[in-house]
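Okay, so here's the structure we're looking at.
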Number of protein chains: 2
Amino acid sequence: MTNDGTTAGAASKADGAATGSGDIARSLELLWGTGERPSRGPKPGLSPDRIVTAAVAVADAEGLAAVSMRRLSTELGTGTMSLYRYIPGKAELLDLMLDRVQGEPFAVRPDEPPADWRAAIDRMARGHLDNLRRHPWLLKINQARTVLGPSALRGLELALTGLRGMGLRDPELIGVIITVNSFVEGLARTQADAAEAVAQTGLSDEAFWENQRPYLERAMLSGAYPVMAGMAEDTFSSDFDQFEFGLQRLIAGFDALVGERAAEREAPRT
Amino acid sequence: MTNDGTTAGAASKADGAATGSGDIARSLELLWGTGERPSRGPKPGLSPDRIVTAAVAVADAEGLAAVSMRRLSTELGTGTMSLYRYIPGKAELLDLMLDRVQGEPFAVRPDEPPADWRAAIDRMARGHLDNLRRHPWLLKINQARTVLGPSALRGLELALTGLRGMGLRDPELIGVIITVNSFVEGLARTQADAAEAVAQTGLSDEAFWENQRPYLERAMLSGAYPVMAGMAEDTFSSDFDQFEFGLQRLIAGFDALVGERAAEREAPRT
DNA sequence: CGTAATCGGGTACGGTGTACCCAGTTCGAT
DNA sequence: ATCGAACTGGGTACACCGTACCCGATTACG
């Protein structure tokens, strides 16, 4: 309210996608808000919801870069500036897109809970990965100022519910979630980046590496990289499932801690 | 050579920061290149090296968003278009910035090797984290088409050297590196995003969460999130070191696999 | 010395987010 | 019934961005 214009202008100068740059109170209202119309004035022909839906559709289909105010306005058949009647700015639009899409994986399966915490982690990781594959643009949004909407809270609640059985302290449970999600996001980002690179350059991965081959071979023969030069042919093959490998390692690592804690409870003060 | 303009134009339409979008052969030449001057024409007043140095300086100080061709040209005291005499386009500039900065952590310590693979992973993780903190903009560059320059190869060689002692198969060693790096990048990204959000909005984290508090409290009291509502006060405190926690879990997870493999070698065909 | 090759860089184009402003619409108060 | 406040729609304009295109100045080879 007190702050129009200046800050938003500064925010827009910054990097690619940021969240929560604008009026947070406004974002919160939009997320939890009642949607009550003011009594006076003509009926609005648009709604934040419709704009967010259109934005997510464009982002899914063509990437976050295709989501521009002009593009959305033509998509919705309105003037560009009309969008600003419903959304304070692009930053808030990203906020809303985030919350919309984060709810999806949990809306799908309200069914049976995971058997134990191992299954919960497995499900959490796969769900997160699926969602990131469906909406790769999620990886480009600054989530630091994510406004915690209903969807985000529900996701966190479900995750914590599945992990309670580990018998760890509360901050450690958060640590487990962070560690797993970081790992998943890293892999998802690698894949998304690769796909984007192919789309942008029109050059396949194979062709790209073929271009580098002569330089790499020269480097390997130079003797400066003895370990790499001696590695197996299939080392960088895509046959190896990095997701499964990493996830199993993570679960094993948590298991060790869970075991320690259980032992301590059994025989305290050793 | 055969491909001027059109592809580069298409590439520039895409998202934020991408790498290897341009002429790969040119990028490779710049990375490994001899730097031989052509014989005719006036002496160049600039060099790719100077441009990259300026670009890294600006990115470190003000973020990747501040790195624009116009900005670099004023920084270097030349005309904007002069930069294109030395670098095919912005995509290639990002390539070069990447390789420049990836070499740093290994240039610093050519000294004693780590005691064992555990120490190697620890060192790798901390080195990576330090580097990402020094150059947060690294997290915004699409690395899928990273041109493997000398620095990148040297880093990979050192990492593999430290991990050889684990006794795992070669693709698994890569898996270890990927898993650790994904985790580290996830944490670094969280921190970088937070810092960026503060810089953009001028709003501290505390103030931000304070804004959300009423909505969160209402949600907690609603009974829809019983597990979260019952968590300890310090659950989301920043006192808890997420980096240490996650890293120890990862090492424990790898340890389990290393133990299995050692046992198999001891008593094969059980 | 001519000329081919290279360097420096100005201008222009199509893209972005959005500030600012005005015209048209609708409803509450009088 | 009428007036005006509150609201919606949206056109125009500005400051950025990357870079295609082109021209004049400079240099060294034939």
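Structure data summary
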item: Residue satisfying condition, being hydroxyl-bearing (Ser, Thr, Tyr) and either open to solvent by 50 Å² or more (accessible area, probe 1.4 Å) or at positive phi (or both), within set B:THR201, B:THR179, B:THR190; result: B:THR190
item: Residue that is under 23 Å from A:ARG154 (Cβ atoms) and of a type in the set (Gly, Ala, Ser), where the choices are B:ALA152, B:ALA197, B:ALA192, B:ALA229; result: B:ALA229
item: Helices (runs of 4 or more DSSP H) completely within region A:79-159 that count 1 or more residues being within 16 Å of DNA strand C (Cβ to nearest atom) and open to solvent by less than 30 Å² (accessible area, probe 1.4 Å); result: A:90-102
item: Positions within region A:240-270 being within 13 Å of B:THR179 (Cα to Cα) and open to solvent by 40 Å² or more (accessible area, probe 1.4 Å), in sequence order; result: A:ASP241, A:GLU244, A:GLN248
item: Residue ID - farthest from A:ILE178 (Cα to Cα), chosen from residues in region B:227-238 that are open to solvent by 50 Å² or more (accessible area, probe 1.4 Å) and facing chain A (nearest Cβ under 8 Å); result: B:ASP234
item: Close pairs from region B:74-99: first under 17 Å from B:LYS43 (Cα atoms), partner within 8 Å of DNA strand C (Cβ to nearest atom) and assigned to a helix (DSSP H, G or I), Cβ under 7 Å, at least 6 apart; result: B:GLY79/B:SER73; B:SER82/B:SER73; B:LEU83/B:SER73
item: Hits in region B:134-172 - residues which are within 7 Å of another protein chain (Cβ to nearest Cβ), closer than 29 Å to A:ILE141 by Cα and of a type in the set (D, E, K, R); result: B:LYS140, B:ARG145
item: Filter result for the condition that a residue is more than 8 Å from DNA strand D (Cβ to nearest atom), under 27 Å from B:GLU157 (Cα atoms) and more than 13 Å from chain A (Cβ to nearest Cβ), over B:ARG100, B:ARG85; result: B:ARG100
item: From the options A:GLU172, A:GLU206, A:GLU196, residue that is open to solvent by less than 60 Å² (accessible area, probe 1.4 Å), assigned to a helix (DSSP H, G or I) and more than 19 Å from B:ALA252 (Cβ to Cβ); result: A:GLU196
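Results for (1) more than 30 Å from B:ASP239 (Cβ to Cβ); (2) within 23 Å of the chain's Cα centre (by Cα), shown as yes or no for each residue.
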{"position": "A:GLY175", "(1), (2)": "no, yes"}
{"position": "A:ILE178", "(1), (2)": "no, yes"}
{"position": "A:SER182", "(1), (2)": "no, yes"}
{"position": "A:GLU185", "(1), (2)": "no, yes"}
{"position": "A:ARG189", "(1), (2)": "no, yes"}
{"position": "A:THR201", "(1), (2)": "yes, no"}
{"position": "A:ASP241", "(1), (2)": "yes, yes"}
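Residues checked against (1) at pLDDT below 85; (2) touching a strand residue (DSSP E or B) at 6+ places or on another chain (Cβ under 7 Å):
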site	(1), (2)
B:ARG26	yes, no
B:ASP60	no, no
B:LEU64	no, yes
B:SER73	no, no
B:GLU104	yes, no
B:ASP111	yes, no
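The values are calculated or read from the model by the stated rules, or taken from the named source; none is laboratory data. Bear in mind the structure is a predicted one, so any value in this text is a computation, not a measurement. With ideal geometry, Cβ positions are generated from the backbone for all residues, glycine too; neighbour counts draw on all protein chains shown. Quick note on the areas: whole protein, heavy atoms, side chains included, nothing else; ligands and nucleic acids left out. Shrake-Rupley method; radii C 1.70, N 1.55, O 1.52, S 1.80 Å.
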